[in-house]
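To start, the structure itself, in structure tokens.
The values are calculated or read from the model by the stated rules, or taken from the named source; none is laboratory data. What you are looking at is a predicted structure, and each value in this text was computed from that prediction instead of being measured. With ideal geometry, Cβ positions are generated from the backbone for all residues, glycine too; neighbour counts draw on all protein chains shown. Surface accessibility is based on the protein's heavy atoms, side chains included, excluding ligands, DNA and RNA. Shrake-Rupley method; radii C 1.70, N 1.55, O 1.52, S 1.80 Å.
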Amino acid sequence: MNIGIVGAGSAALRAHLPALTRAAEADAIAVTGVVDPQRSHREEVLRRCPGARSFASVAALLDEARPDLLVIASPPTSHLDAVRAAFERDVD
């Protein structure tokens, strides 16, 4: 299963990413992409998930990395746009 991550702030780095990297180490999933406005946050995800790529937008991540599942860890005010973009592409 390929996973995309939207938002790589403190919650994602403390909670989501450790679980995802453990699953990736067990070959259960692969983190394929990340979107975050802060370069340092994206770089941390790329450091922990060597196969992942950085994207400028949720649409680009969805269209190019084609994840099966989108983890939305951005601030709640931005969830609707990410959910809508994933829904339009049949991504959970």
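For this structure, a couple of remarks:
- Only residues that are more than 19 Å from residue 12 (Cα to Cα) and touching a residue at least 40 places away in the same chain (Cβ under 8 Å) were counted across region 66-92, and they come to 2.
- Taken together, the criteria exclude residue 63 from residues that are touching a strand residue (DSSP E or B) at 6+ places or on another chain (Cβ under 8 Å), modelled with pLDDT of 95 or more, under 11 Å from residue 4 (Cβ atoms) and of a type in the set (Asp, Glu).
- Positions within region 1-30 being assigned to a loop (DSSP other than H, G, I, E, B) and either open to solvent by 80 Å² or more (accessible area, probe 1.4 Å) or among the hydroxyl-bearing types (Ser, Thr, Tyr) (or both), in sequence order: 1, 27
- Of the residues making up region 31-65, those that are under 12 Å from residue 8 (Cβ atoms), assigned to a loop (DSSP other than H, G, I, E, B) and either among the charged types (D, E, K, R) or open to solvent by 60 Å² or more (accessible area, probe 1.4 Å) (or both) are 36, 37, 38.
- For beta carbons closer than 7 Å, sequence separation of 6+ or different chains, a first residue in region 30-41 that is within 13 Å of residue 7 (Cβ to Cβ) and a second that is open to solvent by 20 Å² or more (accessible area, probe 1.4 Å) and in a strand (DSSP E or B), the qualifying pairs are 33/53; 34/54.
- Some residue of region 76-91 being among the acidic types (Asp, Glu) and within 12 Å of the chain's Cα centre (by Cα): no
- Checking each residue in region 75-92 for being assigned to a helix (DSSP H, G or I) and open to solvent by less than 100 Å² (accessible area, probe 1.4 Å) picks out 78, 79, 82, 83, 85, 86.
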